[in-house]
Structures are given as C-alpha cells and as structure tokens.
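A.B. asks: Dropping the structure in here first, questions after.
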Amino acid sequence: MPILYHYLIRQIIKFFGILLTAVISIYLAVDFFEKIDDFLEKSVPVSTAFLYFMLKIPYMIAQLIPVCILLSVLVVFGLMKKNNEIVALKSSGISIYSLVKPALFIGILFTMLLFFLFEVIVPITMDRANGIWLMDVKKKSLITSEEKNIWLKGNHSITHIKYYNPADHSVLGVTVSYFDKRFRMIKKIDAKKGLFKEGKWTLYDLMEQNRNEEDQTYTVSFHEEKIEPLDFLPEDLKRIVKKSEEMSFKELLSFIKKVESDGYSATIYRVDLYAKTAFPLVCIIMSIIGTGLALRGAKKEGIISSIAFGIGTTFLYWVFYSFCVSLGYGEMLPPIIAAWTANIVFLCFGFLILFHAQ
C-alpha cells in the first residue's frame, strides 16, 4: 500500500476517533440529564445507573459511526485542499479518484465493524439496558418470554398474548384470567384479537367464562365484540416486547418464521431484518459521498462549507431512510425495498458527486 494511503487512513481514523468521542460524550450528557431524575426517584443504586448508561454506548456508537466517517473524510480532504496538497498531488499526475481508495477502505472496515456490533454486541447490551430501565426504574411487573408469547401480571389477573403488533396497537390470541383473593379463578376471557382505540381495549371473537358463586360452576358466553378494561397500555407492551435491536440476525429470522408459521403478520420485524444488512453498508456510501463533497469545487469553499453539505446530506439520508422504513412498516413498500431504497439512492448520489469532483 502506498505511503499516501497509509497517511490518509491514519488521518481519517484519527479524526474519526476525535469526532466519535465528542459526539458520544454529548449524547451521554443529554441522556444522563434527561433520565437521572427517574433513577433518583426510584432510588436506583449509582452502580446500576452507571451500568445502564455504559450499556447504551455500543448502540450509540453503531448509530453514529456513519456520520463520523463522513465528517472525518470531509475534514481530512478539506485540510488537504486548504493546504494545496490536492493541487500538489494533481500536479504529480495523481488523479483525485485514486484518493477514493483509502476512504473506501475505511468504509469497508467500519461496515464490518457495524455488522459485528449489530450481530454480537448490541443485542446483549440493549437487552440488559432495557431490562434495567423496565425493572429497576419503571418497576413493571410484566414478564415476557424470549419468543413472541407475552405474559402480564396485573391486579388479580394474568394476561397471555400470543403476538403484539405495534403498527396498529393490536394483540392477537389474548387470554385473560381473573382471580379472587384466594387465587381462585372467577373469570376467564379468550379472544382472537384485541385493538386499542379511543383509550380502551376492544376484544373481538371472544369467549367469556364467569364463575357462579352459588354452585361453583362456570357460565360460558360468546361475543363478537366487547370493551374490556384491561390494566395495561400499548406503551407497556412496547417496553416489554423484545425489540429487533435486542436480537441478532439469526434470532430475528427465527422469530419471524415462528410468528408467520402461526399465521400472524411479521412485516415490521421483516423490515428490521433487511435493515440489519442494509444499514451497515451506509459506511461505504458515506465514505464515497464524503470524498466527493470534499474534493469538489474550488479551494475557497473551505472546510466549513463541505462539513455543512455533509451534515445536510446525513440529515437527508436519515429522513429518507426513516420514511422508507415507515412505508415498509405500513406495508406500502415490500420490506426489502423499504430497507434498501435509501442506500441505493444515496449510493447513486455519491457516484454522481464523485464523478463531477474532477
């Protein structure tokens, strides 16, 4: 590898480390001041609170790596352009397109790092962090298995839900058992589906069993639709249901197959599955865009102008990526298209701006 490439790689990694450290510190400070009151209110030990914030760092790093790659590439090539190093290289017969290679190497390197983080580190740390927030801070008595089945302990009741769809706040395969003070079942409801609307749970296609106190028998009745005052909200289910970032690719794929084998829709999780492969590649895309933005135009545009373009590009990517993913969640786009559209569009943009950089 030429000395020039070694130099560029070292410089990009140096500025990447500086930027990532600065952004993570700001992110942690904001998150700390936002949530510290909750920890103090629940008298959570300092060690537990510290562990919670530390466990969130791998997820923060994974989310911020693409932005820091773009900005570090912009800073390095912007300084080279300011110091006339780019002009000197061109005068020596070196094409600016050859400068893409070290930036592309960095993009590939951090793409592999992102795959590793999302597949190995983040699922473990986010699962533990969410557990601390749920059990130690929110003091929720909800219980869930590692699969799709959800168990909730309420006030003299136990609810079992086969599947929760956060897209429309619906629950499928609902069983609610009510008990008296002696833990004798006094009422049981089995419903095919439940919807949360207008602040209430409405159950559909349900069978209700009520115990008769006189002869201790049960009266069975059927209803097509009935409002039931369940003692949990969709927000509670969102907290307790295992999230996509808490599962590796293999675990998420297995989860999707089990959900779909039972006849339920797993569109949201399938979009997240394809996103696990699509998102890490944004490192390569940002390295290409960063090189094109930094090398285009005249010297007078300066580093500030290039960084402004870079931040604007990152913002547009996040907005467009989130928009496409939302369309996938709403089943308006196929899951694979929803996850990959933003990458394809911005990769084309990167090659276009790089083509005009000369």
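A.B. asks: Condition check: among the hydroxyl-bearing types (S, T, Y), over 24 Å from I285 (Cα atoms) and without any contact (Cβ under 8 Å) to a residue 24 or more places away in the chain. Does S47 satisfy that?
C.D. replies: The answer is yes for S47.
Per-residue answers, yes or no, for (1) without any contact (Cβ under 8 Å) to a residue 60 or more places away in the chain; (2) touching a Pro at 6+ places or on another chain (Cβ under 8 Å); (3) closer than 23 Å to F255 by Cβ; (4) not charged (D, E, K, R):
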{"site": "D168", "(1), (2), (3), (4)": "yes, no, yes, no"}
{"site": "T175", "(1), (2), (3), (4)": "yes, no, yes, yes"}
{"site": "D180", "(1), (2), (3), (4)": "yes, no, no, no"}
{"site": "K192", "(1), (2), (3), (4)": "yes, no, yes, no"}
{"site": "K197", "(1), (2), (3), (4)": "yes, no, no, no"}
{"site": "S221", "(1), (2), (3), (4)": "yes, no, no, yes"}
{"site": "E225", "(1), (2), (3), (4)": "yes, no, no, no"}
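A.B. asks: Check C348, C283 and return the single one that is closer than 27 Å to S98 by Cβ and surrounded by fewer than 15 Cβ atoms within 10 Å (Cβ to Cβ).
C.D. replies: C348
A.B. asks: Could you say which residue among L19, L8 is in contact (Cβ under 8 Å) with a residue 12 or more places away in the chain, under 23 Å from the mean Cα position of the chain (by Cα) and farther than 22 Å from G131 by Cβ?
C.D. replies: Going through L19, L8 in turn, the sole match is L19.
A.B. asks: Could you pull out the residue among A22, A49, A29, A62 that is among the small types (G, A, S), farther than 16 Å from F110 by Cα and surrounded by 14 or more Cβ atoms within 10 Å (Cβ to Cβ)?
C.D. replies: A49
A.B. asks: What are the residue pairs meeting all of these: first residue in the range 320-336, first residue within 15 Å of Y274 (Cβ to Cβ), second residue of a type outside the set (A, V, I, L, M) and not in a helix (DSSP H, G or I), Cβ atoms under 9 Å, and 6 or more apart or on different chains?
C.D. replies: What qualifies is G328/P334; Y329/P166; E331/S265.
A.B. asks: When you look at S221, is it in a helix (DSSP H, G or I) and small (G, A, S), yes or no?
C.D. replies: No.
A.B. asks: Would you be able to say whether some residue in the range 237-249 is farther than 30 Å from K138 by Cα and assigned to a helix (DSSP H, G or I)?
C.D. replies: Scanning the range 237-249, I find no residue that is farther than 30 Å from K138 by Cα and assigned to a helix (DSSP H, G or I), so the answer is no.
FYI, it's all coordinate maths here, none of it is from the lab. Everything quoted here is computed from the prediction, not taken from an experiment. Virtual Cβ from ideal backbone geometry, glycine too; neighbours counted across all protein chains shown.
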